[in-house]
Amino acid sequence: MTTGTAATRVLGVLAIITTAWVVVSAFFLTPADVVQGDSVRIMYAHVPTAWIAYLAFVTTAVASGFSLVRKHRTLGFDRVAGASAEVGVLFMAMTLITGSLWGRITWGTFWQWDPRLTTTLFLFVTYVGYLAIRRVDVDPVRRARRSSVIALLAVLEIPLVHFSVVLWRSLHQEASVLNTDGDVRLDGLMLFTLFSGVVAFTLMFVWLVMHRQRLTALSDLERVVGLDAAISARRAEGVSGIHAT
Amino acid sequence: MDLTPRSAPEPKRSSRRVLPIVVAVLASVAGLAIVVMFLTSSIDYYCNVDEVGVREGCDDTRRVRVQGSVDEGSLQSRAGNTSFVMSFNGVSLPVDYEGEPGGVFQECIPVVAHGRIVDGVLMATRIEVRHSNEYEAENADRLEEAEKSACS
């Protein structure tokens, strides 16, 4: 049994091509920054991974909302929610690691208990907790209900993370693209490479979520089939016992 | 033949059930620790240079974080000691730091210095560079010049 389809294969190939372009552009085509020098290249991974993590957690919340409200296919939405959160945690970890490396080179420190950094780490830990809670319940229906409520609450942290640099005085710079005044403070090719990174990571995100949710569906199915098989075995045992007497 | 229902075997406390609970508890503890660390670090007031001695909390009675730009020509490094003047909104503050600041520290760059103000000088124990949200190509001017000359 496979989790791949024609659509996921196309997505996978597109993700590889766009990622390859981002790597080439980030390392060889884009210029160094006037202040940061070559360390600016970290941005092409750092910013897209942060945005995709936000996207993943919002997807988790939306799918969780549907899972709670709808009467049919609720488990399907729950699987998407769980898969999206897993991928989101992965991307958020990459955001924290790349940000920390950039911080060491630019700020002079790996970590600072600054509003943006702290709220991002808190968001990451929240979703690690969410994923742990998902694994506590064996019953998929109960798992879906419990984790949906947590997902709908956890997503409220995202505006706090994004606007933390505006709400508080922060060492972290304000947004260069999605900022409050609408100005874009990036040179042309830098901006294009940044958006290429967003496209590449979005394709990767969709590809990973599709595979992961199908894998979860198979795992849930295996449990149901296993239960059916156990019941059949017990019945067969009883029937063979009758014939024996 | 005995067809009476059998009692279910004792459920095993498998590690597959315990591990998620442990992780969830650890995540909760980590979340609490993060909030505590954030609040503890916020004890040092975050002031701009022009707020020193003006805004409540931004004075010489406590540790502060002061933000400003390093004045051009003010940077001096001697025997592992760094001194410079930082300014914000036309107000200046001398800074003394034992060590060499890391990151892309240089003149005319915004910095945040942590420390205590003694006799009008910020005795810094930590200096961080605060990068702006503008990204500009290293040789943008030269590129523009070259493009202009090529087109004219």
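The values are calculated or read from the model by the stated rules, or taken from the named source; none is laboratory data. The structure presented is a predicted model; accordingly, all values stated were derived computationally and were not measured. When we count neighbours, we look across all protein chains shown, and the Cβ atoms used for this are built from the backbone with ideal geometry, even at glycine.
When restricted to residues that are small (Gly, Ala, Ser) and closer than 19 Å to A:Tyr130 by Cα, region A:88-102 contains 2. Kindly indicate whether any position in region A:118-134 is in contact with a Pro (Cβ under 8 Å, 6 or more places away or on another chain), assigned to a helix (DSSP H, G or I), closer than 24 Å to A:Met204 by Cα and free of Cβ contacts under 8 Å to residues at least 24 places away in the same chain. Within region A:118-134, one or more residues are in contact with a Pro (Cβ under 8 Å, 6 or more places away or on another chain), assigned to a helix (DSSP H, G or I), closer than 24 Å to A:Met204 by Cα and free of Cβ contacts under 8 Å to residues at least 24 places away in the same chain. Find the residue count for region A:162-192, including only residues that are within 11 Å of chain B (Cβ to nearest Cβ), modelled with pLDDT of 80 or more and outside any loop (DSSP other than H, G, I, E, B). The number of residues fulfilling the criteria is 6.
Might you check whether a residue that is buried (at least 23 other Cβ atoms within 10 Å of the Cβ), among the aliphatic types (A, V, I, L, M), farther than 29 Å from A:Gly226 by Cα and in contact (Cβ under 8 Å) with a residue 24 or more places away in the chain occurs anywhere in region A:94-115? The answer is no; no qualifying residue exists. Give region A:32-62 a look and list any residue that's modelled with pLDDT of 95 or more and polar (S, T, N, Q), or say none. Those that are modelled with pLDDT of 95 or more and polar (S, T, N, Q): A:Thr49, A:Thr59, A:Thr60.
Report whether or not A:Phe110 is in a loop (DSSP other than H, G, I, E, B) and modelled with pLDDT of 90 or more. Here the answer is yes, as A:Phe110 does meet what is asked.
The listed residues are B:Val104, B:Val52, B:Val85, B:Val118, and the only one of them that is at pLDDT below 90 and over 19 Å from the mean Cα position of the chain (by Cα) turns out to be B:Val52. Looking only at residues of region B:63-90 that are more than 21 Å from B:Arg130 (Cβ to Cβ) and part of a loop (DSSP other than H, G, I, E, B), we find that the one that is farthest from the other protein chains (Cβ to nearest Cβ) is B:Ala79.
Out of the residues in region B:109-140 that are assigned to a loop (DSSP other than H, G, I, E, B) and away from chain A (no Cβ under 12 Å), state the one that is surrounded by the most Cβ atoms within 10 Å (Cβ to Cβ). If we take residues in region B:109-140 being assigned to a loop (DSSP other than H, G, I, E, B) and away from chain A (no Cβ under 12 Å), then B:Gly120 is surrounded by the most Cβ atoms within 10 Å (Cβ to Cβ).
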